[in-house]
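S.K.: Just dropping this structure here.
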Amino acid sequence: MSQISVRIASLAESETLAMSQKSNELKAQGVNVINLSVGEPDFFTPDHIKAAAKKAIDDNFSFYSPVPGYLSLRQAICKKLETENGLKYSPDQIVCSNGAKQDVCNAVLSIVNPGDEVIIPAPCWVSYVEMVKLAEGKCVIVRAGIEQNFKMTPAQLEAAITPKTKAIILCSPSNPTGSIYSKAELESLAAVLAKYPQIIIISDEIYEHINYLGKHESIAQFENIRERVVIINGVSKAYAMTGWRLGWMAAPKWIAAACTKLQGQYSSGPSSISQKAAEAAYLGDQQCVEDMRLAFQRRRDLIVKLASEIEGFKVNKPEGAFYLFPQCNYYFGKSYNGREINTSADLAMFLLEEGHVACVGGLAFEAPDCIRFSYATSDENIVEAMRRVKETLSKLK
Ligand code: PMP
Ligand code: GLU
């Protein structure tokens, strides 16, 4: 008999990681799968960052770091926030963790009491809902479809707020849609939130540097809500460092202190070597970030063009991140060889097994009519993957 706790038994497995695992298993069996499921840059970590990590090993950065991270790294992050975002923070407002994922979870666990409501605009990243469940909070999902470029309006936000609302989790640029809230749109959301001082705003800005519109805008810039914003960011996406596991938050001092206490009991400070690498990333030449952004933009244009030619796909033009999120419900109710497609998860599995392209069904992102393709891969892979998707979907009648 399984003795697993109710808390963990009720959690869903991360669908992005699960689809990637399935794709790797098929690859290990010799099947030529193109993996557009998990979202991570395909580039190698830039050399000057790797050199800093090697130096950290030689310089014996082998001891526990302070729980929120080395002061030098937190100072480098404060400098980045000031020069890139025009935001002033002090090092005691920064907490570094094992990836931005842990920072979001730290923030949720530090502020949400059982029964508290957390507003999550959807489509949303897979882990938010599960993190709120872990804290025994209640998710209030606000849906925005492709016709509104997947963005929540201020009126939708206001309608979702109740006396029990404790927090909202925003993500711009968005995973999975690539949509970006403009400065004016953020200002209108901030104007609503300013009326409800009990709401903490968790702003996930991990895709800050993968932006095809121009300058990144943070909701923390608005003074009327500034003292309630928790910015989440990290080096995974901007510097191609997903495996190094280094993220951070910039938060009001009381939230930073709570997250430090929490982290001090269950994981301690993140890897000392990764911290020194991240410090080099923030203080070093930023050309690598721009080079990767340009490559992602070229790939965005390519996948939008090819996916738009696929019958039954309704395609948005992502403005940032590296995901395409077409609406695909045209295929629900169709079948091939007795296999019926009723959900986007069915469609993702059909594309994997029949077309050898791995992607993720939209239900995992609270958007069951859509499907997600990560285009953080080579142009050749994108072309071949879209050719396979088109051919495979054409079998469904
Ligand atoms: N937030 C979003 C929206 C993401 O897509 C990711 C990527 N996994 C993360 C947070 C976490 O990033 P990491 O833990 O690798 O820093
Ligand atoms: N953010 C990536 C994704 O959505 C990584 C996987 C994950 O951490 O869930 O695919």
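S.K.: Select, from V31, V67, the only residue that is under 30 Å from G284 (Cβ atoms) and not in a helix (DSSP H, G or I).
M.R.: V67
S.K.: How many residues does segment 364-376 hold that are within 17 Å of K22 (Cβ to Cβ) and out of contact with any helix residue (DSSP H, G or I) (no Cβ under 6 Å at 6 or more places or on another chain)?
M.R.: 3
S.K.: Can you tell me which of V112, V38, V33 is farther than 30 Å from N381 by Cβ and β-branched (V, I, T)?
M.R.: V112
S.K.: Let me ask another. Residues that are more than 18 Å from I206 (Cα to Cα), modelled with pLDDT under 95 and among the hydroxyl-bearing types (S, T, Y): does segment 56-72 have at least one?
M.R.: No, that holds for no residue.
S.K.: Are any residues in segment 264-283 buried (at least 16 other Cβ atoms within 10 Å of the Cβ) and of a type outside the set (A, V, I, L, M, F, W, C), and if so, which ones?
M.R.: G269, P270, S271, S272, S274, Q275, K276, E279, Y282
S.K.: Taking segment 204-233 as the region of interest, how many residues are within 16 Å of ligand 2 (Cβ to nearest atom) and either more than 23 Å from L294 (Cβ to Cβ) or among the charged types (D, E, K, R) (or both)?
M.R.: 4
S.K.: List the pairs whose first member sits in segment 27-51 and is within 18 Å of F350 (Cα to Cα), whose second member is away from ligand 1 (no atom under 16 Å from the Cβ) and of a type in the set (V, I, T), and whose Cβ atoms are under 6 Å apart, counting only residues at least 6 apart or on separate chains?
M.R.: Between residues of segment 27-51 that are within 18 Å of F350 (Cα to Cα) and residues that are away from ligand 1 (no atom under 16 Å from the Cβ) and of a type in the set (V, I, T), the close pairs are K27/V33; I34/V357.
S.K.: Ok, one more. Looking at A358, A364, A345, which one is of a type in the set (G, A, S) and modelled with pLDDT of 95 or more?
M.R.: Going through A358, A364, A345 in turn, just one is of a type in the set (G, A, S) and modelled with pLDDT of 95 or more: A358.
S.K.: Does segment 1-28 hold any residues that are away from ligand 1 (no atom under 15 Å from the Cβ) and assigned to a helix (DSSP H, G or I), and which are they?
M.R.: Filtering segment 1-28 down to residues away from ligand 1 (no atom under 15 Å from the Cβ) leaves 1-12, 22-28.
Passing the criteria: V6, R7, I8, A9, K22, S23, N24, E25, L26, K27, A28.
S.K.: Let me ask something additional. Can you pull out every residue in segment 197-228 that is out of contact with any helix residue (DSSP H, G or I) (no Cβ under 8 Å at 6 or more places or on another chain), without any contact (Cβ under 8 Å) to a residue 40 or more places away in the chain and either at positive phi or more than 16 Å from ligand 1 (Cβ to nearest atom) (or both)?
M.R.: Q198, G214, K215, E223, E227 - these are the residues of segment 197-228 that are out of contact with any helix residue (DSSP H, G or I) (no Cβ under 8 Å at 6 or more places or on another chain), without any contact (Cβ under 8 Å) to a residue 40 or more places away in the chain and either at positive phi or more than 16 Å from ligand 1 (Cβ to nearest atom) (or both).
S.K.: I would also like to ask the following. For residues that are assigned to a loop (DSSP other than H, G, I, E, B), more than 16 Å from ligand 2 (Cβ to nearest atom) and more than 17 Å from I168 (Cα to Cα), tally how many sit in segment 87-124.
M.R.: Number of matching residues: 4.
S.K.: Across segment 318-330, what is the total count of residues that are part of a loop (DSSP other than H, G, I, E, B) and farther than 17 Å from A122 by Cα?
M.R.: Final tally of qualifying residues: 1.
S.K.: Applying the selection to segment 133-151, what residues are surrounded by 17 or more Cβ atoms within 10 Å (Cβ to Cβ) and of a type in the set (V, I, T)?
M.R.: V140, V142, I146
The values are calculated or read from the model by the stated rules, or taken from the named source; none is laboratory data. Nothing here was measured: the structure is a model prediction, and the numbers come from that model. Methodologically, a virtual Cβ is constructed for each residue, glycine included, from the backbone with ideal geometry; neighbour enumeration extends over all protein chains shown.
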